[in-house]
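The structure appears below as structure tokens.
Derivation of every value follows stated rules applied to the coordinates shown; laboratory data play no part. Everything numeric here is computed off the predicted structure, so don't read it as measured data. Glycine also receives a Cβ, built like all others from the backbone with ideal geometry; neighbour counts cover every protein chain displayed.
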């Protein structure tokens, strides 16, 4: 029996916590940048945009999500190095690892550190430098987030496990390959409006550019009529783990993200427009073969139930959300696990445009992991940053057209559902 | 003289597999079966577990055909032009497990059907990196 979204124990923070500033590096592939360079870039962005500024010495503690600098860069013990490069030494800084939910978990640690009363000002963020390795190497590193004893020997890769989830969803519901592709088209349309996105272009723009390049080089020019035509061309969009193709997968990305958390009682010292942590939840889950259902992530349902209970709100109250679309099927399942749509109704919502920027339930206005990029350890806090900007009405051309925006949600998954963190943010 | 019982861990699981046996564990307290060799029952937390031999019969519950492959399978010749199939198998005794699915055409996934009957297939077991594998029954 799946977790009921209304069954969680109602936990409360010891005192309210607010987000007062956010910073993000550009997301993309940057050959010569390391984790520390990316994180410094995000931190500088935070300092430049913090409405009333801060003395770095006033930051009392830090939690940084990072999945695997060890395997990606040959660098362990990353937190103190980042503290040094931010000029924060001897402030205590701790690295948090929960695969792709590393910075979602780091944010929760920061929230709890303030809620406990121990600290008033905490930096949380995440970073990943992934592009040093070839795709095969990245595949192996990401697969190490799955069960190395019973999933990896069976040949299951990270896309492979989501491929199996997609197949199970297709068998059980009306889901088809086109639904998956439409999620990608939507998220690229949003990414085109996000200057920090790795793919700051719609799929229509990308295919037109490829046609123009082919014409310039005098080669055969592909005759793609539209995005669907392009995505259904096996040369342009090869299989990765059937039924998932290249454009169903989030890219390999370098990037960093950070936000400044403070006790709500002092938020006015930093900004007139704080965003409050209304609810937060986190849960663990088992490998797919031991899951209760093959079409849902139980940890997501449990984390969402906790966050809804703490915030005292229901799924239908959420006005904008960033969900963990590491694969297109993951976004569809997320919108069902979060209770936005009934199980199996996610694909129809995509068809009807309900999750688009101008739909009634905008999902992944940043471009999502798919188009914004997915530097795994940085993604959870990057989702919070997009929601922070949306709730403050400063998301520019991708601002959702809702004048009464008050509640946003983030959904950050580690591995294939081993970890899920859900946060609910409220405009101050 | 009775044989010393093997420790409940993955080393024993794969040693049994190399001997042609798919051994999981059964909880003596609550009866829960696990296809993984666990030293403690995750349902009732009892440490009174015993080896349980699975029949090797099952059904394919979900699968994927993988074209971008991990290094270990690239060494065996799999890749973009030669995908392989992995899946979730629901065992006749109830539990599910991840496994390689052999004897199917991974380049034509539409020919592979969830629900198909499977049987343990250990003919091609790799001595160094043993993996649970099933094929059409």
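Exposure proxy ranking for B:111, A:34, based on other Cβ atoms within 10 angstrom of each Cβ and starting from the fewest, stands as B:111, A:34.
A simple spin-label model places pseudo-atoms 7 Å from Cα toward Cβ; at residue A:293 and residue A:6 they are separated by 1.7 nm. Between the beta carbons of residue A:94 and residue B:44, assuming R0 = 45 Å, the FRET efficiency works out to 0.85 to the nearest 0.05.
Here's the picture: a label point sits 7 Å out from the Cα of residue A:29 along the beta-carbon direction, and within the stretch A:190-213 the residues with their amide nitrogen under 13 Å of it are A:198-199.
If you take the Cα centroid of the stretch A:191-250 and the Cα centroid of the stretch A:269-294, the two points sit 32 Å apart. A protection proxy built from the mean count of other Cβ atoms within 10 Å ranks the segments A:276-285, A:82-91, A:106-115, most packed first, as A:106-115, A:276-285, A:82-91. Against chain A, whose longest principal axis is taken from its Cα atoms, helix A:298-311 shows a tilt of about 40°.
Measuring r between the beta carbons of residue B:128 and residue A:342 and using R0 = 51 Å, the FRET efficiency lands at 0.60.
When peptides B:63-69, A:136-142 are ranked by their average number of other Cβ atoms within 10 Å per residue, the highest-first order is B:63-69, A:136-142.
Give the shape of chain A as rounded, prolate or oblate, defined through the alpha-carbon gyration tensor: a ≥ b ≥ c are the square roots of its eigenvalues, a/c under 1.5 means rounded, and otherwise the shape is prolate if a/b is larger than b/c and oblate if not.
rounded
Quantify how strongly other chains surround peptide B:57-65 by giving the mean number of their Cβ atoms within 10 Å of each of its Cβ atoms. Across B:57-65, the average partner-chain Cβ count within 10 Å equals 6.
The stretch A:108-152 and the stretch A:384-418 have Cα centres lying 20 Å from one another.
Model label sites at residue A:286 and residue A:235, defined 7 Å from Cα along the beta-carbon direction, differ in position by 4.7 nm.
How would the stretch A:296-428 be classified by its alpha-carbon gyration tensor: rounded, prolate or oblate, with rounded meaning a/c under 1.5 and the a/b versus b/c comparison settling the rest? Note, shape of the stretch A:296-428 comes out rounded.
Remark: spin-label model distance residue B:30-residue B:81 equals 5.1 nm, labels positioned 7 Å along the Cα→Cβ axis. Relative to the longest principal axis of the Cα atoms of chain A, helix A:328-337 runs at roughly 50 degrees. Rounded, prolate or oblate: which fits the stretch B:57-136 when a ≥ b ≥ c are the square roots of the eigenvalues of the alpha-carbon gyration tensor, with rounded for a/c under 1.5 and prolate only if a/b beats b/c? Oblate is the answer for the stretch B:57-136, as a/c is 1.5 or above yet b/c matches or exceeds a/b. Scoring A:181-187, B:46-52, A:162-168, B:88-94 by mean Cβ neighbours within 10 Å over their residues and listing the highest first yields A:162-168, A:181-187, B:88-94, B:46-52.
So if we plug the beta-carbon distance of residue B:107 and residue A:132 into 1/(1 + (r/R0)^6) with R0 = 51 Å, what FRET efficiency do we get, rounded to 0.05? After rounding to 0.05, the efficiency reads 0.95. Relative to the longest principal Cα axis of chain A, at what angle does helix A:379-391 sit, 0 to 90 degrees, rounded to 10? Taking the Cα atoms of chain A, the angle to A:379-391 is about 80 degrees. Counted by neighbouring Cβ atoms within 10 Å, the residues A:351, A:337, A:223 run from fewest to most as A:223, A:351, A:337.
Rg of the Cα atoms in the stretch B:10-53, relative to 2.2 N^0.38 Å, amounts to 1.10. Taken residue by residue and averaged, Cβ atoms of other chains lying within 10 Å of the Cβ of B:34-40 number 2.
Per-residue Cβ counts within 10 Å, from other chains only, averaged over A:132-143: what number is that?
Values: counts 0, 0, 0, 1, 6, 2, 1, 6, 5, 0, 1, 3.
Whole-number average of other-chain Cβ neighbours for A:132-143 is 2.
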